[in-house]
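Derivation of every value follows stated rules applied to the coordinates shown; laboratory data play no part. Remember, predicted model here, so these are calculated numbers, not experimental data. For neighbour counting, all protein chains shown are included, and Cβ atoms are generated from backbone atoms with ideal geometry for every residue, glycine included.
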């Protein structure tokens, strides 16, 4: 079972480090995945690869559900 942190920002003006740092402090043994992708563009290669490589028992940790999927908010 692997825990993954998925940190995403929508614009180049935003800094993903704040999300990543907060989550890495809370989940120090997790593997960090970072992506810069607009909320209006559903093309997210880092997330797509992460999702396709998950196995039973793996966990994805996000700062906010909107980081994974805009339609969930």
Handout entry: Peptide ranges 2-9, 27-34 listed from the most packed, as the mean C-beta count within 10 angstrom indicates
Key = 2-9, 27-34
Handout entry: Normalised contact order of the chain, rounded percent, pairs of Cα under 8 Å and 6 or more residues apart
Key = 44 percent
Exercise for the section: Evaluate the distance, in nm, between pseudo-label points positioned 7 Å from the Cα of residue 14 and of residue 31 along their respective Cα→Cβ axes. Expected result: 2.4 nm
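I want to verify the translational diffusion coefficient of the range 3-66 in µm²/s; compute it with Stokes-Einstein, Rh as the Kirkwood radius over Cα pairs, at 25 °C and 0.890 mPa s. List each step's numbers first, then the result.
On the way: Rh = 12.2 Å.
Stokes-Einstein gives a translational diffusion coefficient of 201 µm²/s.
So what's the back-of-envelope 222 nm ellipticity for the chain, counting only DSSP H runs of four-plus at -39500 (n - 2.57) apiece and dividing by all residues, rounded to 500? Before the final figure, lay out the partial values.
Working: 2 runs with 19 residues, N = 73.
Using -39500 (n - 2.57) per qualifying helix, the result is -7500 deg cm²/dmol.
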